[in-house]
Structure formats: C-alpha cells, structure tokens
Amino acid sequence: METALLRSFSSIIPESPISLTHFLAATVLIIVVLCFTFRSKSTYLIDFTCYLPPESLRIAKESYIEHIEMSKLYDKETYSFQVKVLERSGIGEESCVPIALHELPPHSSLHAARKETEMVLFSVVNDLLSKNKINPKSIDILVSNCSLFCPTPSITSMVINKFGFRSNIKSVNLSGMGCSAGILSISLAKDLLKVHQNSLALVLSMEAVTPNGYMGTKKSMLLPNLLFRMGGAAILLSSRKRDKRIAKYKLQHIVRTHIGSDDEAYQSVFQQLDEAGHVGVSLSRALIPVATKALRTNISKLGPLVLPYSEQLRYVWSIIHKKVLLLPSQKKIYAPNFNSALQHFCIHAGGRAVIDGIVDSLRLDKEDGEASRMTLHRFGNTSSSSIWYELCYLEAKGRMNKGNQVWQIAFGSGFKCNSAIWKCISDIDPTERNAWSDRTYLYPIDEVPK
C-alpha cells in the first residue's frame with residue numbers, strides 16, 4: 001500500500017528537484033494565506049467596570065458653594081457666577097471629588113494626585129479581573145489615558161507594579177488627549193490586537209481631579225472646577241476567537257476626527273496661565289460651535305458605515321436640491337435618522353449644553369440622551385470615562401438587548417470628536433452588579449430648569 005501511495009504522490013509531484021521546491025513553497029504560501037484570511041480580526045469587549053466612589057467623598061452643591069465662599073478667593077461677581085453655573089450644570093447631589101479637595105484650602109500635591117489615581121484604577125482593575133477570573137499575567141496589552149496627570153513612573157507602570165503583570169506586556173500611557181481619549185485608547189488597543197493576535201488588552205480611562213484645580217478668578221478657567229468629578233473605567237478587550245461566546249460586545253466601527261488645524265478649534269480647550277500666574281484649563285465661548293463642526297465632520301465619515309441606503313439617499317438628494325438645483329422649497333439639508341440604524345447613544349457627559357446640543361443636532365429623541373444626562377447628574381463630568389458610565393446605565397436599566405447597536409460619542413481638546421459603534425452579542429443581565437445597581441430605581445429623574 002505504501003508503494004502505491006508513493007507512486008500516486010510521485011505522479012502528482014514532478015521528478016525535477018526545482019519543481020518539487022516550487023510545489024512545497026506554493027503549498028506553504030497557500031496555508032499562510034488561508035491562516036491570515038480566516039483568523040479572527042474582530043475586537044471583542046468581554047466586560048468593563050466603572051468606579052463607584054465611597055459615599056464619604058460626595059460633595060453636594062451646598063457644600064461646594066460653602067467651600068467657594070470660605071476660600072475667600074473670589075469677589076461677589078465671580079462667586080455669583082460659580083453658584084449660577086453649579087445650579088444649572090445638571091450635576092446632582094451625589095457626585096464625588098477626591099479627599100484632597102474636601103480640605104480647605106485644597107491639598108493638590110503630587111502625593112495626593114497619585115493617591116487618587118491609585119484609588120480609582122486599582123479598584124476598577126481588581127474588580128474587573130476578579131469578576132472575570134482573569135490572571136493578571138494573562139494580560140498582553142495595557143493602555144491607559146489620563147489627560148492632565150502624567151507622573152513618572154507612568155500610570156501604566158503603577159498598575160503593572162500593583163498587579164504583577166508580565167515583563168513583556170505591551171504598555172502605552174496616553175496623556176493630553178482630553179475627554180475623547182477613552183475612544184482613542186480603544187482605537188489604539190484595537191490596532192495592537194490586530195498586530196498581536198489571540199491577545200487580551202486592558203484599557204484604563206480616567207482623569208485625575210486632584211492636581212488640576214484652578215485657584216484663580218478667570219471665569220472661563222473656573223468652569224472645569226465646577227463640572228469635573230472623580231471617576232474611571234477599566235475595559236477588557238480580546239482578539240481571541242474563543243472569547244466571542246463570553247464577550248458582551250463586538251466593536252463595529254471607530255471613526256476619529258481631529259480639526260486642530262483650525263486655530264479657533266485648537267484653542268477652544270486650552271491649558272494656560274492666567275494673568276496672576278495660576279495654571280488652569282480655559283473653555284472658550286466657541287466650544288459648542290467647534291464641537292458641532294467636529295461632530296459634523298465625524299458624521300460624514302460614520303454615516304456611510306452605519307446608515308441604511310434609504311437614509312443616505314435622502315441626505316444626498318436634499319444636498320442636490322439645495323446646492324445644485326437651488327430649489328427654494330429645500331430650506332434645510334436633511335438630517336439622517338440615526339435611530340434607523342442605532343438603538344442607543346452614549347454622548348460624552350461634558351455638560352448639559354453639550355448633551356442638549358448633540359441631541360438637537362442629531363435630531364434625537366429626549367430618551368436618547370437620558371443615559372448621558374443621568375450620568376452627568378449622578379457622577380458629574382468624569383472626562384473620558386463618562387461614556388462607560390452611560391453604557392453601564394443602559395445595562396442596569398435592562399435596555400441593552402442582543403443585536404442592539406450603541407454609539408459612543410466623545411469630544412476632547414485639540415479639537416477632537418471620536419465615535420465608536422458597538423454591537424451587543426450576548427444577553428445582558430440587568431441584575432448584574434455595577435456602578436448603577438444601588439441607584440437604578442431612582443433614575444431617570446426630572447432635571448432642574450435651565
């Protein structure tokens with residue numbers, strides 16, 4: 001039988017040594033191509049955790065106003081301005097600030113900033129890994145983002161040291177990227193997972209509030225003091241095909257937009273010194289128009305990826321009517337209905353004006369902005385992690401169903417607008433404990449008048 005097989009094989013492969021070499025090389029090439037073709041290129045979100053601060057760190061509006069008054073830093077006009085912003089901010093009575101900012105005067109030292117960072121990130125990483133029974137040494141990629149606090153050693157090094165990650169872990173620490181850095185970190189992790197197949201990636205998003213309190217009196221630089229609160233999130237991603245069965249979501253699209261070549265956009269969120277030499281971040285009056293412009297550019301790239309052809313045709317036809325045919329009956333360009341393709345929206349909780357502006361621009365229903373408004377109310381502006389608190393809210397309320405798609409929209413200094421589209425690929429259990437579990441029954445709440 002062996003002789004017969006050899007004869008059959010010999011009849012297929014030519015006797016020439018060169019031809020045999022070519023045949024083997026071609027066979028290896030075909031196998032390699034097939035491996036690259038059929039290997040998983042998907043990015044799965046296995047699970048994520050949001051930080052829930054202890055109740056002792058809550059700061060009610062009255063307490064915040066009392067701190068402002070007792071600091072004796074502000075004249076009557078500046079004091080009234082801050083009280084007015086707080087009352088209309090959309091932030092409720094349960095948002096939290098680090099212990100250092102409960103002191104008078106605020107104690108914003110390097111040590112205090114490091115303690116806040118450790119408190120937030122060590123908590124969410126421990127919760128995420130223990131909940132999913134993940135050995136820290138199985139993490140292949142670590143990406144963190146914190147815009148204004150960039151210590152040495154880095155934040156990723158803090159986490160590696162605490163949890164004992166492997167020495168060959170691929171770690172990246174992002175800073176200065178603003179509130180949109182959460183999606184930037186996901187984008188970077190996705191690209192690394194494509195290069196390093198069959199890997200696990202841990203993404204950490206937060207902003208340290210402790211070192212960034214502004215001690216001056218310039219109104220545009222006081223706004224971050226009034227809006228930002230402590231928070232953070234840990235997200236576990238995988239490119240392993242076997243993890244699809246346990247993953248919550250699959251990443252569909254990421255679209256990144258940067259309009260920093262425009263001076264007005266570049267300076268709309270800007271860290272600088274005021275006239276008295278105090279460091280702070282200035283939010284310009286052009287911020288909302290700039291954000292709208294960035295969103296419009298982002299949507300022009302995202303729309304063709306997610307919208308049904310019927311919506312795309314209506315949009316194109318309205319442009320032809322208005323700009324080519326110059327018909328007076330076409331007053332406005334048609335705004336595509338994103339509800340026709342997406343079921344949920346997580347809009348960065350940068351402030352009430354930001355949320356309302358995006359909801360109006362996209363012509364969404366009031367309910368589509370609920371997760372963002374409630375996150376702002378309970379947790380304040382937690383910067384890059386706010387979109388994860390919003391997704392957490394949707395899960396806790398039992399609204400995320402298998403097959404649903406959710407759009408995360410984030411804005412950040414530079415100026416950037418970034419979008420991520422996730423598809424739910426599992427049955428989400430609303431009773432699973434998360435950062436909203438203890439307050440789900442209280443929300444949504446009626447907001448205070450504008």
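The values are calculated or read from the model by the stated rules, or taken from the named source; none is laboratory data. Not measured: the values here are computed from a predicted model. Here the Cβ positions follow ideal geometry from the backbone for every residue, glycine too, while neighbour counts run over all protein chains shown. SASA here: full protein model, heavy atoms, side chains in, ligands and nucleic acids out. Shrake-Rupley method; radii C 1.70, N 1.55, O 1.52, S 1.80 Å.
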Look at Leu342 and say whether it is more than 24 Å from Ala286 (Cβ to Cβ) and in a loop (DSSP other than H, G, I, E, B).
-> yes
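Within the range 90-118, which residues are of a type in the set (A, V, I, L, M, F, W, C), open to solvent by 70 Å² or more (accessible area, probe 1.4 Å) and either at pLDDT 95 or above or farther than 20 Å from Asn173 by Cβ (or both)? Before the answer, list the steps.
Step one: of the range 90-118, the residues of a type in the set (A, V, I, L, M, F, W, C) are 91, 96-97, 99-101, 104, 110, 112-113.
Narrowing the set further to residues that are open to solvent by 70 Å² or more (accessible area, probe 1.4 Å) leaves 99, 104, 110.
Those that are of a type in the set (A, V, I, L, M, F, W, C), open to solvent by 70 Å² or more (accessible area, probe 1.4 Å) and either at pLDDT 95 or above or farther than 20 Å from Asn173 by Cβ (or both): Ile99, Leu104.
Taking the range 280-294, which residues are small (Gly, Ala, Ser) and within 19 Å of Asn225 (Cβ to Cβ)? Full working, then the answer.
Step one: of the range 280-294, the residues small (Gly, Ala, Ser) are 280, 282, 284, 286, 291, 294.
The answer is Gly280, Ser282, Ser284.
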Would you pick out the residues in the range 124-135 that are in contact (Cβ under 8 Å) with a residue 24 or more places away in the chain and either of a type in the set (Ser, Thr, Tyr) or open to solvent by less than 30 Å² (accessible area, probe 1.4 Å) (or both)?
-> Val124, Val125, Leu128, Leu129
How many of the residues in the range 374-395 are touching a Gly at 6+ places or on another chain (Cβ under 7 Å) and closer than 18 Å to Phe338 by Cβ?
-> 1
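So which residues in the range 363-398 are farther than 21 Å from Ile186 by Cβ and of a type in the set (Asp, Glu), if there are any at all?
Taking the range 363-398 first, the residues farther than 21 Å from Ile186 by Cβ are 363-370, 373-374, 376-378, 380, 396-398.
Correct list: Asp365, Glu367, Asp368, Glu370.
Which residue, of Leu121, Leu142, is under 30 Å from Ala353 (Cα atoms), surrounded by 13 or more Cβ atoms within 10 Å (Cβ to Cβ) and under 23 Å from the mean Cα position of the chain (by Cα)?
Leu121
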Please go through the range 414-434 and pick out each residue that is in a loop (DSSP other than H, G, I, E, B), surrounded by fewer than 24 Cβ atoms within 10 Å (Cβ to Cβ) and touching a residue at least 24 places away in the same chain (Cβ under 8 Å).
-> Gly414, Ile425, Ser426, Asp427, Ile428, Pro430, Glu432, Asn434
Count of residues meeting criterion [touching a residue at least 12 places away in the same chain (Cβ under 8 Å) and open to solvent by less than 60 Å² (accessible area, probe 1.4 Å)] in the range 273-287 = 8
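What's the total number of residues in the range 65-85 that are free of Cβ contacts under 8 Å to residues at least 40 places away in the same chain and closer than 15 Å to Pro105 by Cβ? Quick ask: steps written out before the conclusion?
Let us first name the residues in the range 65-85 that are free of Cβ contacts under 8 Å to residues at least 40 places away in the same chain, namely 65-72, 76-77, 79-80, 83-84.
Retained after the next criterion (residues that are closer than 15 Å to Pro105 by Cβ): 66-72.
Adding up the residues that qualify gives 7.
With the structure loaded, tell me whether Asn404 is surrounded by 24 or more Cβ atoms within 10 Å (Cβ to Cβ) and at pLDDT 95 or above or whether it fails that test. Walk me through how you get there before you give the answer.
Details: surrounded by 24 or more Cβ atoms within 10 Å (Cβ to Cβ): no; at pLDDT 95 or above: yes.
Judged against the criteria, Asn404 is not a match.
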Identity of the residue in the range 240-270, assigned to a strand (DSSP E or B) and open to solvent by 40 Å² or more (accessible area, probe 1.4 Å), that ends up nearest to Ala201 (Cα to Cα) = Lys250
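Listed here are the residues, each with its yes/no results for (1) among the basic types (Lys, Arg); (2) surrounded by 12 or more Cβ atoms within 10 Å (Cβ to Cβ); (3) assigned to a helix (DSSP H, G or I); (4) at pLDDT 90 or above.
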| site | (1), (2), (3), (4) |
| --- | --- |
| Arg314 | yes, yes, yes, no |
| Ile319 | no, yes, yes, no |
| Ser329 | no, no, no, no |
| Pro336 | no, yes, no, no |
Selected residue [surrounded by 13 or more Cβ atoms within 10 Å (Cβ to Cβ), at pLDDT 90 or above and in contact with a strand residue (DSSP E or B) (Cβ under 7 Å, 6 or more places away or on another chain)] from Val306, Val290 | Val306
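Could you pull out the residue among Glu66, Glu55, Glu62 that is modelled with pLDDT of 80 or more and farther than 30 Å from Ala396 by Cα? Write out each step before concluding.
Numbers: Glu55 fails: farther than 30 Å from Ala396 by Cα; Glu62 fails: farther than 30 Å from Ala396 by Cα.
Going through Glu66, Glu55, Glu62 in turn, just one is modelled with pLDDT of 80 or more and farther than 30 Å from Ala396 by Cα: Glu66.
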Taking the stated definitions as given, is Tyr441 assigned to a helix (DSSP H, G or I) and open to solvent by 40 Å² or more (accessible area, probe 1.4 Å)?
-> yes
